[in-house]
Amino acid sequence: MLRFLAVVAASLSLVVVDAQAADSTAVRLAYNYMSQDMTTCTVFYMLSSKCLGKNNPELSEQIEKAASVMANLAVLTGKHAGLKDGAMVAQTKIQMTKLQAQTGNDCGNISVLLNRYGERCKAMAKHPQAAFQRALDQAMEANQ
């Protein structure tokens, strides 16, 4: 897992090097967007593990690993954005409350989260460079 994180961190850094012409404020904002999205995905995976892994320990373990990797990436990108630890913890708590509310805090409604976040989080995990580029494009538009 550490090797995976190192590869993702390096690839995200390469995207930033490619974007050197971009305003540094936009790069920080892009990292902030990524951290927020990765935090949302972390919470999504945590809730999915709780609900979908109840009767399947193997599935639960896989989803928990995905949550752990995404949490580490959320922290990594948050640090690049200049976020303090307390801010990232608060962000996680807010997202947990938000996603739990979307299911009515009932695992029977987990499909709401699966439909809303499943593909997006999977794509972010598989292609973080592309996700960062989208976040950078969004940040550049916000700074214009």
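The values are calculated or read from the model by the stated rules, or taken from the named source; none is laboratory data. In this text, all values refer to a predicted model and were calculated from it rather than measured experimentally. All Cβ positions, glycine included, derive from the backbone under ideal geometry; neighbour counts span all protein chains shown.
Among the candidates VAL16, VAL8, single out the residue that is crowded, with 19+ Cβ neighbours inside 10 Å, closer than 19 Å to ALA130 by Cβ, in contact with a helix residue (DSSP H, G or I) (Cβ under 9 Å, 6 or more places away or on another chain) and at pLDDT below 90.
The conditions single out VAL8.
Could you list, ordered by first residue, the pairs with Cβ atoms under 7 Å in which the first is in the range 79-96 and more than 12 Å from VAL43 (Cα to Cα) and the second is in a helix (DSSP H, G or I) and of a type in the set (Lys, Arg), at least 6 apart or interchain?
ALA81/ARG28; GLY82/ARG28
Out of (1) assigned to a helix (DSSP H, G or I); (2) at pLDDT below 95; (3) surrounded by fewer than 13 Cβ atoms within 10 Å (Cβ to Cβ), the odd one out for ALA66 is which?
Going through (1) assigned to a helix (DSSP H, G or I); (2) at pLDDT below 95; (3) surrounded by fewer than 13 Cβ atoms within 10 Å (Cβ to Cβ) one by one, ALA66 breaks only (3).
Kindly indicate which of ALA21, ALA87, ALA74 is of a type outside the set (Phe, Trp, Tyr), at pLDDT 90 or above and either crowded, with 19+ Cβ neighbours inside 10 Å or more than 17 Å from the chain's Cα centre (by Cα) (or both).
Residue meeting the stated conditions: ALA74.
Output the number of residues of the range 98-137 satisfying the condition of being over 16 Å from the mean Cα position of the chain (by Cα) and farther than 20 Å from LYS54 by Cβ.
The total comes to 2.
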